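Report on the following structure.
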Amino acid sequence: MTDRAVVEVVRQSGAQDERVLQQALDEVARSAGGQVIVGPGEWRLREAPLRVHAGTRLTLTPATRIVRTGPIETMLINGPYGAGRTVGAHDGPGNIMVEGGIWDVNGFENPRPSFGMVFNHARDVQVRDLEIRNMPEWHAIETNSTYNVTISGCRFVTGIAREPHAYQTEAVSLDLAAPGLTAWGAEDDTHSSHVRVIDNFCSGYPTFVGCHTGHPSLQHGSVVIANNTATDLSCWAVNLTNTGAVSITANTFSGTAAGIRIRTGGDRRVTGVAITGNVVNCTSGPAVHLDAAVGGEIAATVVSGNSFSSPTPPIIEQSGTIDAVVGPNAEDAYAGDGVPTASRGV
């Protein structure tokens, strides 16, 4: 991350909107990269999202709050929203860090569906030590067609469900640059890979980490979801479609409707999934669901060393063609009154 230029933005009296912040981001871009530091106070996004350029470190103080007040569909993006369709692969603006502060998507007062942050066609992105709250329908952070992403030390608080597909409202979402799925850049089916989601907290969402789209021959890969805490989830803690080489480890998921789902879209083969050392306490569904569609397969998968509980057996569900090593895990099945009906190591 380059620090060739440092621009500090201090809030003045009266309402402050995105124009002041964008001027600072554009200034460091003219210096071929650098850092923008946004001081304490409230800043409003009224007419346009913030566009972060290559080589930028955007830093908010703990007392800085950015609020979406206008009819915009994302708060921050690394390219021209809805345009730039010739930039593909991982050739868009990258080497980006966004850190600190509170990003309020303001979904209760401004219910238009929105993202918090979107990164398309990028390489080398870090998002850390910030809070995204009140997310209406879409994703707090979408890593779309992006390579080498770390999301760490963040808080995701309150996601407003997208009905009738509530599970698609995800705090962290992996997506591909398919037609209709990319906020900017080429619709060239580039996937996301080498994504790390570590040491985060999530509460009040349908799904913490997910991917609900797929391609007939491509898939996301090299994903680590580790040391996170999530609670009060109405759908899934983790719900990944067509994603291989995945490590889901040392997480604590409590008060989640269901736990971890790995699934294929169509006749795909997903391999290399390790679900280890997690604590998953469900309120209704399975702690793990390995879900291979007709013609698909989930292989070279390990589910071991976890502690699971759910009122609805099977605690570990397998559908379709599955080649997995399951166990040992500690499992508890609960009756409706919370009294254990079975406890076993499997």
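Each reported figure results from applying straightforward, stated rules to the coordinates on display, with no laboratory input. All figures in this text were calculated on a predicted structure; none of them were measured in a lab. Methodologically, a virtual Cβ is constructed for each residue, glycine included, from the backbone with ideal geometry; neighbour enumeration extends over all protein chains shown.
Worth pointing out:
- Each residue in Arg261, Arg11 was given a count of other beta-carbon atoms within 10 angstrom of its own, and listing them fewest first yields Arg11, Arg261.
- Here the Karplus curve 6.51 cos²θ - 1.76 cosθ + 1.60, taken at θ = phi - 60°, turns the phi angles of segment 36-47 into couplings of 10, 10, 9, x, x, x, 9, 10, 10, 9, 9, 10 Hz, with x standing for Gly and Pro.
- Sequence-ordered 3J(HN,Hα) estimates for segment 242-256 from the Karplus curve with 6.51, -1.76 and 1.60 and θ = phi - 60° stand at 6, 10, x, 6, 10, 10, 10, 9, 6, 9, 10, 10, 10, x, 9 Hz, glycine and proline given as x.
- At full extension, Arg30 and Glu187 could sit 53.7 nm farther apart than now, given 0.36 nm per residue minus the alpha carbon distance.
- Coil-residue GluC sites (Glu not before Pro) of segment 119-151, DSSP, other Cβ within 10 Å capped at 15: none
- Alpha carbon centroid spacing (whole Å) that separates segment 90-148 from segment 218-273: 19
- Scanning residues 5 or more positions from Thr61 or on other chains, those with amide H under 5 Å from its amide H are Val38, with H placed 1.01 Å from N in the peptide plane.
- Sorted ascending by nearby beta carbons within 10 Å, beginning with the fewest, Asp104, Asp291, Asp188 become Asp188, Asp291, Asp104.
- Angle between the chain longest axis and helix 18-30 axis [Cα atoms, degrees, rounded to 10]: 80
- Residues in segment 83-100 carry Karplus couplings, in order, of 9, x, 6, 8, 8, x, 6, 10, 9, x, x, x, 6, 10, 10, 10, 8, x Hz; the curve used is 6.51 cos²θ - 1.76 cosθ + 1.60 with θ = phi - 60°, and Gly or Pro positions show x.
- Share antiparallel - DSSP beta bridges, the chain, percent rounded to 5: 5
- Under a model in which nothing but the beta-carbon of Lys, Arg (+1) and Asp, Glu (-1) is charged, segment 6-249 shows a dipole of about 260 debye around its Cα centre.
- Arranged from fewest to most other beta-carbon atoms within 10 Å of their beta carbon, Arg19, Arg51, Arg46 become Arg19, Arg46, Arg51.
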